[in-house]
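S.K.: Got a structure for you, questions after.
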Amino acid sequence: MYQKYVELRDKNNLTDYRVSKDTNITKSTFTDWKNGRSNPKVDKLKKLSDYFGVPLEYFLEEETTKQ
């Protein structure tokens, strides 16, 4: 899930700081996700999906192998 977030963040030329300020999700939460210390709860995924304009399922789908 974190990788999908990073792709959206970078595609939109944003920083964790900017996303944090806009969504009220703390930067330390992003760091915890990145380092595997915690998994995002649905309410935070919903905030991110609304923020980036993607369906919630985008973050819930498993990565598929690209061929």
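S.K.: For SER20, SER38, what ranking results if the residue with the fewest other Cβ atoms within 10 Å of its Cβ goes first?
M.R.: Ranked by crowding around the Cβ, least crowded first: SER38, SER20.
S.K.: Where does helix 2-11 land angle-wise versus the long Cα axis of the chain, in degrees 0 to 90, nearest 10?
M.R.: 70 degrees
S.K.: Follow-up. Run lengths n ≥ 4 of DSSP H only: what is the helix-derived mean residue ellipticity at 222 nm for the chain, with -39500 (n - 2.57) per run over all residues, to the nearest 500? Write down the numbers at each step before the final one.
M.R.: Numbers: 5 runs with 41 residues, N = 67.
One gets -16500 deg cm²/dmol as the mean residue ellipticity at 222 nm.
S.K.: Please give, to one decimal in nm, the separation of the simple spin-label points placed at VAL42 and VAL6, each 7 Å out from Cα toward the Cβ.
M.R.: 2.8 nm
S.K.: Report Rg(Cα)/(2.2 N^0.38 Å) for the chain, keeping two decimals. Walk me through the numbers on the way to the answer.
M.R.: Values: Rg = 11.5 Å, N = 67, 2.2 N^0.38 = 10.9 Å.
Against the compact-globule rule of thumb, the ratio is 1.06.
A short reminder: the numbers here are calculations on the coordinates, not readings from a lab. The structure displayed is predicted, hence computed values, not measured ones. So basically every Cβ, Gly included, is an ideal-geometry build from the backbone, and we count neighbours across all protein chains shown.
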